[in-house]
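What follows is a set of notes on a single structure, which appears directly below.
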Amino acid sequence: MSRKIPYGGDYNPEQWPEEIWDEDHRLFTTAGIDTLTVGVFAWSVLQPAEDIYDFTVLDRIVERAAAEGRRVVLATGTAAVPPWLALKYPEVNRTDFEGRRHRYGQRHNFCPSSPVYRRLSVALASRIAERYADSPALLAWHINNEYGGACYCELCAEAFRGWLRARHGTLDALNHAWWTTFWSHRYTDWSQIEPPSALTEHWRGPDHTAFQGITLDYRRFMTDALLGCFVAEKEAVRAHAPDTPVTTNFMGLYRPLDYHRWAPHLDFASWDSYPPLDAPPTVPALAHDLMRGLKDGAPFWLMEQTPSTTACRDINPLRRPGELRIATWQAIAHGADAALYFQMRASRGACEKYIGAVIGHAGRDDTRVFREVADIGRELAELGPLTLGARTPARVALLVDWDSWWALEISDGPSRLVKYPDVLHRYYRAARVAGADVDVVPVTADLSAYDVVLAPVLHLVKGDLAERLEAVAGRGGTVLTTFLSGRGDEHGLAFLTDVPGPLGPLTGVRVDEWDARPADVTQTVRIGDREVTAGLVFEIVVEQGAEPVATYARDFYAGTPAVTRNRFGERGGEGWYVATFLDEPGTDEVVRRILGRHGLVGPYAAHAAVETAHRVAPDGTRLLFLLNHATQEAELSAHAAAADVLTGKRYEPGEPFTLDPLGVALLRVQ
Ligand code: GLA
Ligand code: ZN
């Protein structure tokens with residue numbers, strides 16, 4: 001296979017007769033499919049009993065792929081345990097949040113703390129690796145599948161206690177971190193600690209907890225427990241195949257797992273993109289950029305997307321003609337170095353039989369979906385290696401912090417209506433539609449390359465983050481933070497200072513009071529000569545050196561600042577504070593003012609439906625992706641001398657050109 005974007009997806013031929021495989025491969029060739037993810041749910045086929053392994057079918061699948069010149073992403077198959085295992089070792093089955101030990105069923109059905117699961121999953125991974133390490137088809141290892149969920153069993157309780165000892169050292173430290181004197185909770189022995197669940201600290205589900213500290217720690221622990229499963233399998237695989245890269249497929253902004261804790265353990269990041277089809281294109285874009293941020297900007301893989309429709313939702317709309325193509329190019333524009341589907345052929349039975357597939361039940365090569373997939377296959381073949389390894393030259397960073405997400409959404413007060421991803425997305429969207437490339441990075445990232453750092457709802461401020469944000473402004477950059485930021489330390493304990501805690505010096509404000517209102521009670525905010533709308537939370541800002549940029553128009557705090565900026569340091573840097581949840585026009589206004597300070601509003605920013613994204617190839621080639629998300633043509637004029645890689649057309653600066661509805665241009669910029 002020549003160097004190009006791997007194209008293909010999940011392929012489970014163990015589920016149908018071998019005669020059909022010929023047809024599968026003929027169709028793969030027609031569609032330019034060169035990469036197959038195999039073995040994802042094959043445990044019960046590969047190990048029908050504890051002492052019997054049977055690789056006959058997988059051998060044939062892998063050999064056939066190799067013979068056809070295709071590469072395989074080989075899964076370890078450990079995401080769904082076989083029935084014999086669950087029956088023989090009932091402790092492997094998860095215990096849910098309500099304390100119910102599950103019986104055999106579904107998938108992702110293993111307790112991450114179970115030694116039996118660990119032993120048997122590692123043994124399976126090890127045998128697979130030993131057997132296929134030298135296969136010419138092997139491209140990458142795919143450990144498990146979409147790790148997620150949580151377990152609350154006795155094994156997890158015991159593992160949690162061990163994790164807490166390592167984290168806190170002493171019970172005194174733990175009692176302080178969780179503030180246990182409140183409601184008479186002082187622990188005097190580690191054995192007294194129970195997982196926070198519906199039986200213990202929670203009411204009304206996982207977000208309502210009496211002690212945020214224990215719930216925060218349990219989410220960190222569960223992240224690490226599942227990560228431990230991944231690492232154990234990875235090591236087993238590595239022992240046999242030291243040079244083949246290892247990944248596991250993530251789910252974008254997936255709340256239960258802090259992917260930043262996982263990132264160092266992946267050789268490359270990969271994820272499954274299933275945005276609700278009515279979501280704006282900035283929703284999958286944010287997740288792509290989050291995935292790219294996991295490995296310091298290195299390319300990631302789009303491990304799954306549907307070629308046409310999902311089935312897991314109550315209502316599953318169809319991707320319209322052209323939508324799959326633009327979604328695929330969007331992923332590449334944001335740093336994907338692979339474009340894979342779930343799934344290559346439709347499952348005949350069970351809950352995924354209506355999920356879109358490249359090849360449907362009838363096995364036709366003349367369906368619209370198949371033709372679109374094949375057209376994309378041709379385009380990617382023509383593209384060749386151009387985008388592989390290319391990096392995004394972003395000067396704007398958006399901070400994402402799972403601890404802040406968790407702490408915010410498990411907090412009693414000020415408002416349950418504030419959803420962390422919604423606020424992140426609003427700022428991300430504003431920067432993206434203004435034409436800025438955005439790196440979505442953890443709070444521990446090196447911020448020295450950025451002119452602008454957006455840190456909305458930075459609820460917890462941990463470690464030296466405040467100083468590092470001050471350093472951004474200190475060298476002339478701009479930092480923005482918002483309402484509900486700087487509220488707690490790493491345990492969620494309030495700072496014994498003015499709000500926003502350690503962010504006070506940078507923002508030059510103080511917040512003594514805040515007013516949370518139902519979603520239908522909004523405020524008018526005046527910014528320059530515009531009026532915009534704000535909702536959910538209205539913090540009342542007392543300037544401590546900052547100057548107002550926008551003010552509230554109503555209520556007893558009318559005329560007080562809703563947005564401020566604070567000059568910081570000697571080099572013209574600024575710290576902005578947005579005290580409320582501004583609507584899109586308000587957020588756009590604030591973000592464009594900030595981007596404008598640094599010359600970062602893009603040349604196509606007037607075209608709201610046209611997305612731009614840059615990548616710089618390893619040989620220095622500068623690529624600009626233009627994606628027209630509208631179903632009408634976009635009339636543009638070239639901002640620079642450029643050549644479209646897809647059509648060969650050349651443009652002079654200022655030359656007008658038309659981008660088709662859902663059209664894509666990939667400009668090599670001179
Ligand atoms: C997920 C899983 C796949 C499959 C698809 C269906 O992403 O990884 O196994 O269930 O969704 O869309
Ligand atoms: Zn468990």
Sequence-separation-based contact order of the range 103-250, relative, with Cα cut under 8 Å and 6+ spacing, percent:
42
In what order, largest first, do His208, His265, His176 sit by accessible area if the probe radius is 1.4 Å?
His176, His265, His208
Using packing as a proxy for protection, rank 649-656, 129-136 so that the peptide with the highest average count of other Cβ atoms within 10 Å comes first.
129-136, 649-656
Which residues among the range 157-194 fall inside the zone where the amide N is under 15 Å from a point 7 Å beyond the Cα of Leu493, along Cα→Cβ?
168-182, 186-187
Sort 635-644, 98-107 by packing, meaning the average of other beta carbons within 10 Å per residue, with the highest value first.
635-644, 98-107
Surface/4 estimate of mean projected area, convex hull on alpha-carbon atoms of the chain, nm²
30.1
Size-normalised alpha-carbon gyration radius of the range 610-669, reference 2.2 N^0.38 Å:
1.07
How many angstrom separate the Cα center of the range 50-117 from the Cα center of the range 582-599?
49
At 1.4 Å probe size, with no ligands or nucleic acids counted, give the accessible surface of Val511 in Å², nearest ten.
10
Any chance you could list P(r) for the range 552-669, counting all Cα-Cα pairs in 10 angstrom bins from zero, rounded to whole %?
11, 32, 25, 20, 10, 2, 0
Sorted peptide list for 12-19, 67-74, criterion being average Cβ within 10 angstrom, highest first:
67-74, 12-19
If each part is reduced to its alpha-carbon centroid, the range 320-334 and the range 378-418 end up apart, in Å, by 17
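Could you give the length gained on full extension between Lys295 and Gln632, defined as 0.36 nm per residue of separation minus the Cα-Cα distance, in nm?
Extra length from Lys295 to Gln632 when fully extended: 117.7 nm.
Is it possible to state the helix-based mean residue ellipticity at 222 nm for the chain, with each DSSP H run of 4+ residues giving -39500 (n - 2.57), the sum divided by total residues, to the nearest 500 deg cm²/dmol? What is it?
Calculated at 222 nm, the ellipticity per residue is -9000 deg cm²/dmol.
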At a Cα cut-off below 25 Å, give the lysines reachable from Lys4, other chains included and same-chain residues fewer than 8 away excluded.
Lys295, Lys649
Accessible surface of the range 154-217 [probe 1.4 Å, protein heavy atoms]: carbon and sulfur percent
55
To the nearest Å, what is the center-to-center distance of the range 628-651 and the range 240-260, using C-alpha atoms only?
35
Relative contact order for the range 445-546: what is it in percent, counting Cα pairs under 8 Å that are at least 6 residues apart?
22
Amide H contacts under 5 Å for Leu536, restricted to residues at least 5 apart in sequence or on another chain and with H modeled in the peptide plane, are Arg517
Antiparallel bridge percentage (DSSP; both residues within the chain; nearest 5)
55
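The values are calculated or read from the model by the stated rules, or taken from the named source; none is laboratory data. Owing to the predicted nature of the structure, the values given are computational and were not obtained by experimental measurement. Neighbour counts run over all protein chains shown; Cβ positions are idealised from the backbone, glycine included. The area values use the complete protein model at the heavy-atom level, side chains included, leaving out ligands, DNA and RNA. Shrake-Rupley method; radii C 1.70, N 1.55, O 1.52, S 1.80 Å.
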